[in-house]
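Accompanying notes for the structure given below.
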Amino acid sequence: MLAVNKADSPKQELNVYEFYNLGLGEPFPISAANHLGIGDLLDAVVAKFPTNKAGLFDNDEDQIKVALIGRPNVGKSSIFNTLVGQERSIVSDVAGTTRDAIDTPVVRNGQKYLFIDTAGMRRKGKIDEPIEKYSIIRSLRAVDRSDVVLMVIDAVDGVTEQDKKIAGYAHEAGKGIVIVVNKWDIYEKDENSTLRYTENLRKELIFMQYAPVVFVSALTKQRIHRLPEVINYVAEQNAMRVATSVLNQVIADAVAVNPPPTDKGQRLKILYATQVKIKPPTFVIFVNEPEIMHFSYQRYLENKLREAFGFEGTPLTMIIRGKKEDE
């Protein structure tokens, strides 16, 4: 599009036609100072947008929406640029360079993705600019509309309290989660470093035992090529649906191995279970007395479901209902 600026008067607009000689098509007279002609130019630009036959920006079910989240300066934008194959986000050592969520559609091996780079989220006490508050709101919204979240952690700093809060938001939102440990190239390692680091991650993020861990280096591009494969797998797990008959068989086997607890002489009876939702997988379990269901037994059932079906990388939701309650 050819825009000719400083056309502040009708006389100057007439002079615009000499710009046809450039061979760039119709010139659009505008005035940036006086905001003249901007609307016409914008309409012409929008008319040139592709018809989107590939459906990359549509909410189609084949597209996996992936949000990169974490604290400032942990390498989210560098990883994002490598995944999308171009410098879409500004990379800087200055924390807080990324202010807004940046969406980029990508097709890899026939799979459509929408990668979303987000602003780093600092503690509330350190947020003193209105624009940063807006950036964090946009980051949280990016989590809400994603299918899979890449939780990026600085290998040198380890898991901080802020990391736990950020990861906890994604967990509560029911998103598929991959823990990405960045800057692994500068971490002092020995032959057991990966195992020890993973064990420590599990202790710090006790509520996220299900999430796979990938050790990468945004600087050297080490293992970043593995992320799309892990993303695909976690997205499948998050959208998995289990047949009701198979589900009840697994529950029955679990009850046979470890019977439900009793309370004041009354034993909990599990009557029936069904899956009612995906993203995340959500199960309704009908029992005789819901108040007897202890969280530890509920966790036992969850572990049995994971043993049977996997559900790696996704939280599970269990809803306990009495036999007289409507479904």
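A few remarks follow.
- The simple spin-label model puts a point 7 Å past each Cα toward its Cβ; for Ala256 and Thr282 those points are separated by 3.1 nm.
- Cα-projected label distance for Glu172 with Ala47, points at 7 Å along beta-carbon direction, nm: 4.9
- Residues of the chain: accessible area per residue with a 1.4 Å probe, Å²: 56
- Ordering of 261-270, 305-314 by packing [mean C-beta count within 10 Å, highest first]: 305-314, 261-270
- Shown in residue order for segment 17-30 are the 3J(HN,Hα) couplings computed by the Karplus curve 6.51 cos²θ - 1.76 cosθ + 1.60 at θ = phi - 60°: 5, 5, 6, 4, 5, 6, x, 9, x, 5, x, 10, x, 9 Hz (x for Gly and Pro).
- Principal-axis tilt of helix 193-204 within the chain, Cα atoms, nearest 10 degrees: 80
- Surface composition of the chain: carbon plus sulfur atoms contribute 51% of the solvent-accessible area (1.4 Å probe, protein chains only, all chains present).
- Of the options (i) 132; (ii) 164; (iii) 209, only one is volume of the Cα convex hull per residue in Å³ as computed from these coordinates, and that is (iii).
- Computed extension length for Asn21-Asp144: 39.2 nm, one decimal, from 0.36 nm per residue of separation with the Cα-Cα distance subtracted.
- For the chain, with +1 on Lys and Arg beta carbons and -1 on Asp and Glu, the positive-most of Gly158, Ile270, Gly37 along the dipole: Ile270
- Result for the chain in a Gaussian network model with C-alpha springs under 10 Å: among Glu204, Glu291, Glu26, the largest mean-square fluctuation is at Glu26.
- Stretchable slack from Asp263 to Asn5, in nm (0.36 nm times residue separation minus alpha-carbon distance): 84.9 nm
- Between the helical axis of 244-257 and the longest alpha-carbon principal axis of the chain there is an angle of about 50 degrees.
- Taking Cα atoms only, the orientation of helix 295-309 departs from the longest principal axis of the chain by about 70 degrees.
- Charge dipole (the chain, unit charges on Cβ, about Cα centre) - positive-most of Val181, Ser78, Asn5: Val181
- Long pairs among Lys65/Lys277; Lys48/Lys221; Lys112/Lys304; Lys203/Lys304, criterion Cα-Cα beyond 25 Å: Lys48/Lys221; Lys112/Lys304
The values are calculated or read from the model by the stated rules, or taken from the named source; none is laboratory data. All figures in this text were calculated on a predicted structure; none of them were measured in a lab. Positions of Cβ are generated from backbone atoms using ideal geometry, with glycine treated the same way; all protein chains shown enter the neighbour counts. Quick note on the areas: whole protein, heavy atoms, side chains included, nothing else; ligands and nucleic acids left out. Shrake-Rupley method; radii C 1.70, N 1.55, O 1.52, S 1.80 Å.
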